[in-house]
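The values are calculated or read from the model by the stated rules, or taken from the named source; none is laboratory data. Because the structure is a prediction, the values reported are computed rather than measured. Here the Cβ positions follow ideal geometry from the backbone for every residue, glycine too, while neighbour counts run over all protein chains shown.
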C-alpha cells in the first residue's frame, strides 16, 4: 500500500517513456536477425526466473553467466544493426515514429522496373529475398557484391552472356549481397515437369529457409513467387509491386491490402509442395 502512496507523477512519466522507447526499438528490429536474439534473451530470462524460484542453483548459475556472455557479444555480432539504430536516432526517425519510406529508398521501384524489363525481353532471372534466416552458406561461395540495390545493377547481372547471369542474386533490405549463387534444388516430385532449373532452385531455397524468391521465366516472361516450398502461378504487375513493397516495408499499416495480396497469391498455388 505504501508503494502506491509514494507513487509520483514523475514515476508514471518515467514508465511511459521507457515503454515508448522499448516499443520503438522493438519495431525497428522487427523482421531482422536482432529480433531472434531478443527472443532468445527472453527465453533465457524466463528460464532463469523459473530456476531461481525453484532454487535450482546450478541452472541459475549457468543461465546468469550465459546471459552475461551474450550481453558482451551483442555489440560485436550485431554491429550493423546497432549502427543503423544510432543513425535513425540521429535523424530523429526512431523517436518520431517515421520509418524509412519506400519512396525515399527507391529500392522497390528499382526492382519492379528491372523485373518489368526482364519480362519484356524474356531474360531469365532468379532473385532471392533474404529474411530472418541467413544464407551465408550459399552466398559465401558465390560472387560477393554487397552493392546498393539499383535497376541498372540487377539488369547488368542478368544480362545474357554476363559472367554473373548464370545463378541467383541474393539481396536483403539494404544490399545486393551476392550474385551467381547456386541454390539447392527441390526434391519435390509433385512440381510440374514444365518448371525448369530456376523454378526448382527457387522452391529449394524456400524449403531450407524463410527466404522468398522471384523467378522470371526465360521462355514465357512470367514472374512467379516461391514461398515455403511452394511456387505460385504467374503474378500480375499489381501483385508483384505489392509483394516487393511489403518486403521493404514490413511495418506497412495497410493490413487489409496485405491480406488481400496474400489471399490472391495463395489462391494461385498449384498442388506442388503440399
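Is it fair to say residue 16 is more than 21 Å from residue 134 (Cβ to Cβ) and modelled with pLDDT of 80 or more?
In short, yes.
So which residues in the range 216-225 are touching a helix residue (DSSP H, G or I) at 6+ places or on another chain (Cβ under 7 Å) and over 16 Å from residue 111 (Cβ atoms), if there are any at all?
Within the range 216-225, just 221 meets the criteria.
I need the full set of residues from the range 217-262 which are modelled with pLDDT of 55 or more, surrounded by fewer than 18 Cβ atoms within 10 Å (Cβ to Cβ) and over 19 Å from the mean Cα position of the chain (by Cα), in order please.
Correct list: 218, 219, 220, 221, 222, 233, 234, 236, 237, 238.
Give the range 208-242 a look and list any residue that's in a helix (DSSP H, G or I) and free of Cβ contacts under 8 Å to residues at least 24 places away in the same chain, or say none.
Looking only at the range 208-242, we keep the residues that are in a helix (DSSP H, G or I), and these are 208, 237-242.
Hits for the range 208-242 are 238, 242.
So is residue 67 under 24 Å from the mean Cα position of the chain (by Cα), at pLDDT below 80 and either assigned by TED's automatic domain parsing to the domain that holds residue 215 or surrounded by 11 or more Cβ atoms within 10 Å (Cβ to Cβ) (or both) or not? Lay out the reasoning, then the answer.
Numbers: under 24 Å from the mean Cα position of the chain (by Cα): no; at pLDDT below 80: yes; either assigned by TED's automatic domain parsing to the domain that holds residue 215 or surrounded by 11 or more Cβ atoms within 10 Å (Cβ to Cβ) (or both): yes.
For residue 67, the condition - under 24 Å from the mean Cα position of the chain (by Cα), at pLDDT below 80 and either assigned by TED's automatic domain parsing to the domain that holds residue 215 or surrounded by 11 or more Cβ atoms within 10 Å (Cβ to Cβ) (or both) - is not met.
Identify, from the list 134, 124, the residue that is surrounded by fewer than 19 Cβ atoms within 10 Å (Cβ to Cβ), within 25 Å of residue 231 (Cα to Cα), touching a residue at least 60 places away in the same chain (Cβ under 8 Å) and touching a strand residue (DSSP E or B) at 6+ places or on another chain (Cβ under 8 Å).
124
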